[in-house]
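Chemist: A single structure is presented below for examination.
The numbers here are math on the coordinates, done by the rules we state, and not lab data. The shown structure was predicted, so the numbers you read here are calculated from the model rather than taken from an experiment.
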Amino acid sequence: MKQKLLLAITLIAFLTSNAQVTILKEINDSGTSSSSPANLFVFNNNIYFAADDSSGSNSPGDVDLGKELWVTDGTESGTTFVKDLRAESASSSPSFFFEFNSTMYFSANTGSGNVLFSSDGTEAGTTATGGTFVFNPLEMGGIVYYILSTDANGLYQFDGTTQVKAANSGTEDVQFSGGQFTSLNNKIIGYGKTTTDDPTIGIELYGYDPATDTYTLIKDITGDDGNAGISNFVTIGSEIYFEATGKVWKTDGTTDGTTAVSAAASINSTNNYFVWNSSLYFEGDDGSNDQLWKYNPAADSILNVSNITGSTATGGNNHDPSDYAVLGDYLYYRGETFDNSSGYVFRTNGTTSELLDDTIKDIDEITVLNGKLYFEGDDGTSGNELYTLDPATLSINKVFKDVLVVYPNPTSNYINISSKYLNNDFQITSLLGQIVKKGKISSSKIIVSDLSKGSYILKITKDNKVETKKIIIQ
């Protein structure tokens, strides 16, 4: 299929938003101290998470119980402490939540070791299972596979009752590095090594077949003793996409079917993969620093969605997208603006990207519950706490047209426009909505040589209608 690089958009919608981002509850209400909510997980129509009320004012007994298990139903009054899993002020730090057979499981440190807990969501129903602390749980075929902290990257399985090491009909286990693995066609695909192969091929792409209890090398991506650096496994259709040596790769589970995605060959340092509407979204750098990219396998096309531009002298222009969540017709995520490295709430419709709020920073772990977004954030005065955003409260001004023609585009000095726009008002804004130039059109040319290089939106108001066009200044 012919590869396409989508660097221009004919139909473009420019949106400006006034988001209603509000703090759900200041769990740690001692000034700027943070409760730092983490590992948000939806179970039984609630969100469970780890948080630290060091002030003790919202905890049982009004004392500091450390970072422990909390729950919210999406309301302030319904955001409460669940259980103290480690004595006194020491933290159990619940993490690696997963649901299996209608029960919630997670790992926590009890003080005498890291263990696996099961829970029905209540204090009384949250108990240690006797299993060991787990990393990166994955359900496949009615069994949960994961890595144990007590066995260096060894693969284990859990049936809801007992933990056992994955059976191996061969002579040597594969150690999956950092718990980086996923499933495809009832097989485990992951980033692993064996003691024998590591000195000659490094850490590479391996598979495990529970039906035959066998480990196999799928592909030595580096072709030498170096490590492939594989991470970010996601699945689209019958293929797994992943990062290797900083590039976008894909596999169907076979050696010949494991290849680099050539349409994304110019993009380096890829990270934070996510699948939405059968397309791959990821962070990557093609020379414009870390932006949000979209790869459409059906069209074999690549698109820079964010186009966050700015001078490196004013803080750089890394967008660093991460922490994705789908709600309605949008993909929400954490991203940075061209002049600020703090993470804010953004969203994309798959073509363009928009900043929803520039007041709540340090966004993390965006999670959806009952049509609303929940995440960690910081307003600068309350510390890192639990915030919420209801998209229904967004005030959106959307205007779009496809009849406005400008040329040359890209340009460096000026753009030509039709004489029918004479004596009408125009604005040129950044992709974040900042007005960089405005005035009345007095000739067929608009001078843009005074603008920095980057992408902008030209808006012309004519007959009480707004027409827009994306322009690129070189």
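Chemist: What shape does the stretch 81-166 have by the C-alpha gyration tensor, where a ≥ b ≥ c are the square roots of the eigenvalues, rounded means a/c under 1.5, and otherwise prolate means a/b greater than b/c and oblate the rest? Working shown, then result.
Modeler: Values: a/c = 2.35, a/b = 1.38, b/c = 1.70.
The shape class here is oblate.
Chemist: Also: Just check the chain against the gyration tensor rule for me: Cα atoms, a ≥ b ≥ c as the square roots of the eigenvalues, rounded for a/c under 1.5, and otherwise prolate or oblate depending on whether a/b exceeds b/c. Mind dumping the intermediate values first?
Modeler: On the way: a/c = 2.59, a/b = 1.41, b/c = 1.85.
Note, shape of the chain comes out oblate.
Chemist: Another one. Using the Karplus curve 6.51 cos²θ - 1.76 cosθ + 1.60 with θ = phi - 60°, what ³J(HN,Hα) values do you get for each residue of the stretch 229-242, in whole Hz, with x for Gly and Pro?
Modeler: Result, rounded to whole Hz: x, 7, 6, 6, 5, 9, 10, 10, x, 9, 10, 9, 9, 7.
Chemist: Which value at 222 nm does the chain reach when only helices count, each DSSP H run of 4 or more adding -39,500 (n - 2.57), with the total divided by all residues and rounded to the nearest 500 deg cm²/dmol?
Modeler: Per the formula, 0 deg cm²/dmol.
Chemist: Which of the aspartates and glutamates could be linked to LYS462 by a straight reach, that is with a Cα gap under 16 Å, when you skip same-chain ones fewer than 8 residues away?
Modeler: Candidates past the 8-residue exclusion: ASP402, ASP425.
Chemist: So, one more: For each pair in LYS420/LYS465; LYS193/LYS294; LYS193/LYS219; LYS438/LYS469; LYS372/LYS465; LYS294/LYS465, compute the distance between the two Cα atoms and list the pairs where it is over 22 Å.
Modeler: Pairs exceeding the cut-off: LYS193/LYS294; LYS372/LYS465; LYS294/LYS465.
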